[in-house]
Amino acid sequence: MRRLIVAALVVAAVAAVLPAALGLYLQHRQEQFLSDLAARGLRIHAAEYDRGWMRSEARVELVGIRDADGDAGGDAQPVRLRLTLELAHGPQVWLRAWPPPLALARGRLRVLDGPRPLPPLVLAARLRMDGELAVDGRVPDVTYSGEAGRLHSVGAEVRLVLPPDGRWRADGVLGTLAATSPDGRRLRLGGLRWRLRSALPGVALPVDRVQLSLDSLQLDGTEERPALELAGLGLRLTAEAGSDTLALGASARVETLALAGAAYAPSRLALEVAGLSPDALRRLGAGLERLDHAALTVSQQGLVTGRLLVAALPELFAGTPAATLRTLRVATPFGEVRTEARLRLAASGEASERAPTARLVPAETLRSLGRRLRGDAKLSAPRALVVAFAARQESERAQRELALRGEPSDVLPPALAADVEAAAEAATAKLVREGWLSADGARLHTELRFDASGMTVNDKPTAKPAWLAGGGHHAAP
């Protein structure tokens, strides 16, 4: 009996102390979370935590900075967020489910001082015994009408999972979105879903899995912009890091894509790139993070970003990376275009190719990579598409000549349009006759090969494109 009484007293003591200890632990987790946010550029304007025995409350106000208009020296407007949470961490929580959670939380996240009132993000969180935190967020249905038009969204939800190892996962869904611009143009979107997973610590990229799917999208057309209809979109991006290399993968599909009434689906893509330098990518990311967005215009940011990217290319491709385009099938009004390729970069051999990236201008960088290009690519397209492409080039040339003579050039005269079509047919037939293209019924095929001596098209030596040519001698076409 004495042992039973002692055991009961111990259980009672633990039951009395544990909820309060959990409240203290939750306060510690909040401080860690706020510290991580501060490290990412957010400022903690206020933070309060009222710790209770079985219930606690947390109130946090965060301040971020956004550029008002993107102009250099523009006034920066603060974006304030207010988070309020009610936490439960007692027996009433532990007995609710199995395995029992350590704590539950409910709250709201609001945007303060926005250009217009926005509904709060409604939060519900669960802390598991192993330390994993799962947060579910739901945005109430929104209906807005104002000078910018009308907006209506339904079923917006997000879920964030923070496991003990820090490798977070996030996914979300937007049921429907309907927007109407002041001129009456409408956008309708349905069934948008996305999923992200963070990369392992130390990897150059912040995430290693991105998935996106969209059930439907319709956008009304105008006189300047054609109508767009899309359905069955799926996108998947992956990244896998080894000891000193990085591999990327991309796959995409679209079941319906209509632009100005012309169909461009179903279409497919599957691409893999291996052998990239993670250190170069990490340094590129650090350079982008150092950009002063408040001091640069949008165009200046784009220019600097392009320069950083070109400067990083030699180091990023310093090894022998390889790319495999397993499939690229794109539907067109003329028929399907099919492409597959296996390309790689040979090891750098020339001193200029091993030079520091700062000494290479963009043109030299591309030519240096072009000299190292090896592999082959196959392309197949409907003959009608090739003829239409050639006709477009001939038509643009004819329009330029008409404009130089001061004659109307928007619409070609019937006789000249017929001549353009005939010239396009003749140019296509000449390419087939000379072997640059091979014919198979209503389709045309070509194969490109890249090696140390240059490039061949259907086994015919030819010069590389100017942006890939690195000087030296190439066989004339």
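Please report, in debye to the nearest 20, how large the charge dipole of the range 145-246 is about its Cα centre when each Lys and Arg carries +1 at its beta carbon and each Asp and Glu carries -1 there. Numbers along the way, then the final one.
Numbers: 13 positive and 13 negative charges, 68 e Å.
Computed about the Cα centre, the dipole is about 320 debye.
With a Förster radius of 25 Å applied to the beta-carbon distance between Arg80 and Val122, the computed FRET efficiency rounds to 0.85.
Couplings for the range 49-59, taken from phi via the Karplus curve 6.51 cos²θ - 1.76 cosθ + 1.60 with θ = phi - 60°, read 9, 9, 8, x, 6, 10, 9, 9, 10, 10, 9 Hz in order; Gly and Pro are left as x.
Work out, step by step, the length gained on full extension between Glu396 and Ala262: first 0.36 nm times the residue separation, then minus their alpha carbon distance; give nm to one decimal. Write down the numbers at each step before the final one.
On the way: separation 134, 0.36 × 134 = 48.24 nm, distance 2.17 nm.
Length difference between fully extended and current span is 46.1 nm.
In order along the range 419-428, phi translates into HN-Hα couplings of 5, 4, 4, 5, 5, 5, 4, 5, 5, 5 Hz, rounded to whole numbers, per the Karplus curve 6.51 cos²θ - 1.76 cosθ + 1.60 with θ = phi - 60° and x for Gly and Pro.
Given the peptides 125-137, 307-319, arrange them by the average over their residues of other C-beta atoms within 10 Å, most packed first.
Details: 125-137: 15.9, 307-319: 18.4.
Per-residue Cβ counts within 10 Å, averaged per peptide and sorted highest first, yield 307-319, 125-137.
How high is the FRET efficiency from Glu132 to Asp171, r the C-beta distance, R0 22 Å, rounded to 0.05? Each step should come with its number before you reach the end.
Numbers: r = 15 Å, r/R0 = 0.69.
The calculated FRET efficiency here is 0.90.
Scanning residues 5 or more positions from Leu192 or on other chains, those with amide H under 5 Å from its amide H are Leu174, Asp215, with H placed 1.01 Å from N in the peptide plane.
The length gained by stretching the chain between Glu425 and Ala46 to full extension, at 0.36 nm per residue less their Cα-Cα distance, is 129.3 nm. A simple rule links phi to the HN-Hα coupling: the Karplus curve 6.51 cos²θ - 1.76 cosθ + 1.60 with θ = phi - 60°, which for the range 283-291 gives 5, 4, x, 5, x, 5, 5, 7, 4 Hz, with x for Gly and Pro. Computed from label points 7 Å out along Cα-Cβ, the spacing between Arg185 and Trp436 is 3.8 nm.
Each other residue within a Cβ distance under 11 Å of Thr176 adds +1 if Lys or Arg and -1 if Asp or Glu, for a net charge of -1. Note on Glu224 and Ala418: with the Förster distance fixed at 30 Å, the Cβ-Cβ geometry gives a FRET efficiency of about 0.55. Counting only residues at least eight positions apart within a chain, or on another chain, the lysines with an alpha carbon under 17 Å from that of Lys378 are Lys460, Lys464.
Annotation: amide H-H contacts under 5 Å for Trp168 (H modelled 1.01 Å from N, sequence separation of 5 or more, or interchain): Ser198.
Bear in mind that the values in this text are calculations on the coordinates, not laboratory data. Quick caveat, the model's predicted, so the values are computed rather than measured. Please note: Cβ atoms are built from the backbone with ideal geometry, for glycine as well, and neighbour counts cover all protein chains shown.
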